[in-house]
1. Based on what the data block shows, is residue 214 under 18 Å from the mean Cα position of the chain (by Cα) and modelled with pLDDT of 95 or more?
2. Does segment 275-283 contain at least one residue that is touching a residue at least 24 places away in the same chain (Cβ under 8 Å) and in a strand (DSSP E or B)?
3. Suppose we filter 71, 125 for residues that are modelled with pLDDT of 95 or more, within 16 Å of the chain's Cα centre (by Cα), surrounded by 20 or more Cβ atoms within 10 Å (Cβ to Cβ) and part of a strand (DSSP E or B); which single one remains?
4. Looking only at segment 154-177, count how many residues are part of a loop (DSSP other than H, G, I, E, B) and surrounded by fewer than 20 Cβ atoms within 10 Å (Cβ to Cβ).
5. Could you check how many residues of segment 160-184 are within 15 Å of the chain's Cα centre (by Cα) and closer than 21 Å to residue 204 by Cα?
6. Pull up segment 96-122, narrow it to residues that are in a loop (DSSP other than H, G, I, E, B) and touching a residue at least 24 places away in the same chain (Cβ under 8 Å), then point me to the one that is surrounded by the fewest Cβ atoms within 10 Å (Cβ to Cβ).
7. What are the residues in segment 262-280 that are farther than 19 Å from residue 228 by Cβ and in contact with a strand residue (DSSP E or B) (Cβ under 6 Å, 6 or more places away or on another chain), if any?
């Protein structure tokens with residue numbers, strides 16, 4: 001039975017666990033491996049791309065799809081660099097991966113993309129010697145890039161894709177190192193300058209790897225990673241400059257990144273690991289047609305390939321293709337005492353409105 005809520009009741013409902021609704025008709029199709037590990041021994045001298053994590057994906061101004069991620073023998077290695085791959089057929093096939101960003105002798109990581117008009121932005125993090133965020137820009141859909149520019153956000157890093165608001169302003173989520181204090185960088189001049197807003201966390205001070213989406217109402221929603229088995233939420237009603245106190249969404253989650261996307265039709269989609277902590281499998285997808293007040297039942301996007309220890313199916317990211325199909329990519333990681341590797345996987349998601 002459908003229920004009609006008064007505005008005051010909606011406000012109360014936001015503060016209590018979600019009410020599940022029937023799942024939208026969704027099909028997960030055409031699974032692919034974008035990049036496969038080159039080695040399983042993190043200590044091998046010839047291992048340059050065995051461990052791959054933290055992907056991001058976007059549709060470029062020229063219509064191609066671009067994926068980026070960081071790659072190394074093991075996470076945090078000095079040789080860690082950012083890789084790129086392109087698809088000219090909406091993610092059905094991918095070209096050979098290549099190195100996009102590599103500060104020699106120090107790790108580059110957490111790449112995210114933002115496409116605004118004819119411009120593409122790459123944000124990433126590195127140490128020099130302190131952790132900071134950098135940006136590179138492309139005017140030709142990733143054919144050439146500007147030199148890295150430090151954004152002077154010490155001890156902060158990015159994780160989830162940036163968005164362009166209906167006002168034309170740009171938002172890029174970021175958080176303080178250590179799963180603490182989520183916020184955004186905002187630009188009102190097309191990406192020339194950036195200012196940080198927000199220090200959102202749960203009562204325990206956790207609020208990492210935020211992901212944001214602008215709703216049809218104009219509100220901007222943020223979801224946050226915590227360590228208490230829940231996804232937390234904050235809302236901005238002034239285009240990212242102030243944020244409400246963090247509150248539980250009612251969605252269970254392990255301590256890992258999630259991704260939030262609003263489709264062109266207004267549907268809100270989240271992908272996340274449901275937990276319990278510390279498990280990073282399976283990977284679920286949920287939909288909301290009421291700006292996150294209620295969510296569909298979970299839809300399985302991906303799971304570990306074998307029922308053996310050491311698997312993580314994690315760090316999802318989504319983009320909407322021109323025909324309304326969604327393209328999801330994530331990392332499939334194996335970590336045991338004898339082997340360490342990670343691959344970048346993808347799948348199409350079709351749905352009926």
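The values are calculated or read from the model by the stated rules, or taken from the named source; none is laboratory data. Keep in mind that this is a model prediction, so the values were computed, not measured. When we count neighbours, we look across all protein chains shown, and the Cβ atoms used for this are built from the backbone with ideal geometry, even at glycine.
1. yes
2. Taking segment 275-283 and keeping what is touching a residue at least 24 places away in the same chain (Cβ under 8 Å), we get 275-283.
The next check asks that each one be in a strand (DSSP E or B); those that pass are 283.
For segment 275-283, residues touching a residue at least 24 places away in the same chain (Cβ under 8 Å) and in a strand (DSSP E or B): present.
3. Details: 71 fails: within 16 Å of the chain's Cα centre (by Cα).
Answer to the check: 125.
4. Filtering segment 154-177 down to residues part of a loop (DSSP other than H, G, I, E, B) leaves 154-155, 159-162, 165-169, 177.
Subsequent filtering for residues that are surrounded by fewer than 20 Cβ atoms within 10 Å (Cβ to Cβ) retains 154-155, 165-169, 177.
The total comes to 8.
5. Result for segment 160-184: 7.
6. So in segment 96-122, the residues in a loop (DSSP other than H, G, I, E, B) come out as 96-97, 102-107, 117-118.
After this cut, where a residue has to be touching a residue at least 24 places away in the same chain (Cβ under 8 Å) as well, the list is 97, 103, 105-107, 117-118.
On the way: 97: 20, 103: 17, 105: 7, 106: 14, 107: 20, 117: 9, 118: 12.
Residue satisfying both the conditions and the ranking: 105.
7. Step one: of segment 262-280, the residues farther than 19 Å from residue 228 by Cβ are 262-269, 271.
Correct list: 262, 263, 267, 268, 269, 271.
Residues are listed down the side, and each one gets a yes or a no for (1) buried (at least 20 other Cβ atoms within 10 Å of the Cβ); (2) under 20 Å from the mean Cα position of the chain (by Cα); (3) without any contact (Cβ under 8 Å) to a residue 12 or more places away in the chain; (4) part of a loop (DSSP other than H, G, I, E, B):
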position: 285; (1), (2), (3), (4): yes, yes, no, no
position: 301; (1), (2), (3), (4): yes, yes, no, no
position: 313; (1), (2), (3), (4): yes, yes, no, no
position: 316; (1), (2), (3), (4): yes, yes, no, no
position: 327; (1), (2), (3), (4): yes, yes, no, no
position: 333; (1), (2), (3), (4): yes, yes, no, no
position: 337; (1), (2), (3), (4): no, no, yes, yes
position: 341; (1), (2), (3), (4): yes, no, no, no
position: 345; (1), (2), (3), (4): yes, yes, no, no
